[in-house]
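Chemist: Submitted below is the structure of interest, expressed as structure tokens.
The values are calculated or read from the model by the stated rules, or taken from the named source; none is laboratory data. The model shown is predicted, which means the values in this text are computed figures rather than measured ones. Cβ sites come from the backbone with ideal geometry, for glycine too, and all protein chains shown count toward neighbours. Side chains included, ligands, DNA and RNA excluded: accessible areas come from the protein's heavy atoms. Shrake-Rupley method; radii C 1.70, N 1.55, O 1.52, S 1.80 Å.
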Amino acid sequence: MEDLRIGILGHRFMGRAHSNGWSQTTKFFDPPYKPVLQVACGRDGEDLQKFADRWGWAEIETDWKRVMERDDIDVIDISLPTFMHAETAIAAAEAGKHIFCEKPICNTSEQARAMQAAAEKAGVVHYVNHNYRRCPAVALAKRMIDDGELGEIYHWRGAYQQSWLVNPDHPLDWKLKKDTAGAGPLWDLGSHAVDLAHYLVGDFANITSQGKQFTEERPLASDPSKTGKVEVECAALMMGEFKNGALATIETTRYATGRRNRHTFEIYGSKGALTWDMEDMNRLKFFDNGSPEHLVGFRDILVTERSHEYANAWWPPGHIIGYEHAFVHACNDFMHAIKEGRTLDPDFAEGIRIIEVLEAALKSMETGARVKL
Ligand code: SOE
């Protein structure tokens, strides 16, 4: 099996999730390449070496530009804060390397278009890691909708609720500043929610949004005795209409006390309905409007059967999987995309469309007006 040599930029939460994703592919799937964890790049050499040793990266590098210059690296895995995505992705494309980019694609649609243009010009594979598409229950929802099991879609109700900012002592980190994060949960969590809305229902025709800041000042990470201004929203509500006429509501927040990583959707159609909750990720609830009266009710499908996409690679039915498995699915699918000479969904073109929806929501948040897409 031919080697595919990976260079990863970033070694925190997503660096760990991606390292695990690459490492597990050959144990549970049959990828067309053997992924080689060649070089891990980050600023902090000591932490970086510990990360490389733990996850099996052969080398470390503290200057990402040197990774781009190497002709023994085939893929650049961008596991960096959002504001660093565009520059590194464009450099990777110009160096002829395939790009596995963590979500959201970047902070502006202008940057996203430049990323896509560079990747298309270079003819490299590009992908934005909206990992939730590759949860087996979400893949099943996609199959059921495509098979017409819901009929005409009336409503999409999405939410991505976390609670890590309910703590007033959480420091002012990069996710709370506009120039580094783009926006608050609207970008970080809303990009996931809009991706699933695009994937399962379709494109938006218009969007209206309202934001809220619950906490205006936070302790500085560098000196907790000082405080700094929170520059982004703490929560954002969106509502809109899809081009196919369905209606959407989407809630994103880091103040849903008790909700740890609750990404959910509800889809209501003429023939049935589906609901999913990431905190119970192996289950998909299905209401079949064609059921005989004595069987009416939501069916609770445990998505672990052999016939369920991805699930059949892991364990026997009923032996559930977790958050990290969707990253293995994405890494495996990415290698097949390279072999077949195509991009992987969602690619940078889809990443642009997500950012355009979020920019429309941000504009609506500022003006109060409904924004057409
Ligand atoms: C936010 O806390 C976050 O880490 C997102 O950035 C990830 O995309 C999501 O998968 C988990 O939560």
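Chemist: Might you check whether a residue that is within 16 Å of the ligand (Cβ to nearest atom) and at pLDDT 95 or above occurs anywhere in region 280-301?
Modeler: yes
Chemist: Could you run through region 55-107 and say how many residues are outside any helix (DSSP H, G or I) and either open to solvent by 50 Å² or more (accessible area, probe 1.4 Å) or away from the ligand (no atom under 16 Å from the Cβ) (or both)?
Modeler: The qualifying residues number 20.
Chemist: Which one is most open to solvent (accessible area, probe 1.4 Å) among residues in region 139-165 that are within 13 Å of the ligand (Cβ to nearest atom) and either over 18 Å from A236 (Cβ atoms) or not polar (S, T, N, Q) (or both)? Break it down into steps so the answer makes sense when it comes.
Modeler: Taking region 139-165 first, the residues within 13 Å of the ligand (Cβ to nearest atom) are 160-165.
Next, from what is left, pick out any that are either over 18 Å from A236 (Cβ atoms) or not polar (S, T, N, Q) (or both): 160, 164-165.
Values: Y160: 5, W164: 70, L165: 4 Å².
Among those that are within 13 Å of the ligand (Cβ to nearest atom) and either over 18 Å from A236 (Cβ atoms) or not polar (S, T, N, Q) (or both), it is W164.
Chemist: If you check A256, A313, which single one turns out to be closer than 17 Å to F29 by Cα and aliphatic (A, V, I, L, M)?
Modeler: Selected residue: A313, the only one of A256, A313 that is closer than 17 Å to F29 by Cα and aliphatic (A, V, I, L, M).
Chemist: How about region 14-29: which of its residues are within 16 Å of the ligand (Cβ to nearest atom), touching a residue at least 60 places away in the same chain (Cβ under 8 Å) and more than 13 Å from F334 (Cβ to Cβ)?
Modeler: Scanning region 14-29 gives M14, G15, A17, N20.
Chemist: Filter region 167-177 down to residues that are part of a helix (DSSP H, G or I) and either more than 15 Å from P104 (Cβ to Cβ) or away from the ligand (no atom under 12 Å from the Cβ) (or both), then give me how many there are.
Modeler: 1
Chemist: Here's a follow-up. Among the residues of region 265-295, write down those that are part of a strand (DSSP E or B) and open to solvent by less than 20 Å² (accessible area, probe 1.4 Å).
Modeler: F265, I267, G269, G272, A273, L274, W276, L284, F286
Chemist: Looking at this structure, is R254 open to solvent by 60 Å² or more (accessible area, probe 1.4 Å), within 16 Å of the ligand (Cβ to nearest atom), assigned by TED's automatic domain parsing to the domain that holds I145 and in contact with an Asp or Glu (Cβ under 9 Å, 6 or more places away or on another chain)?
Modeler: no
Chemist: Within the bounds of region 178-197, is there any residue that is charged (D, E, K, R), part of a loop (DSSP other than H, G, I, E, B) and more than 16 Å from the ligand (Cβ to nearest atom)?
Modeler: Looking through region 178-197, none of the residues is charged (D, E, K, R), part of a loop (DSSP other than H, G, I, E, B) and more than 16 Å from the ligand (Cβ to nearest atom).
Chemist: Does any residue of region 110-125 turn out to be out of contact with any Lys or Arg (no Cβ under 8 Å at 6 or more places or on another chain), at pLDDT 95 or above, within 16 Å of the ligand (Cβ to nearest atom) and not small (G, A, S)?
Modeler: Checked against the condition, which is being out of contact with any Lys or Arg (no Cβ under 8 Å at 6 or more places or on another chain), at pLDDT 95 or above, within 16 Å of the ligand (Cβ to nearest atom) and not small (G, A, S), region 110-125 yields no hits at all.
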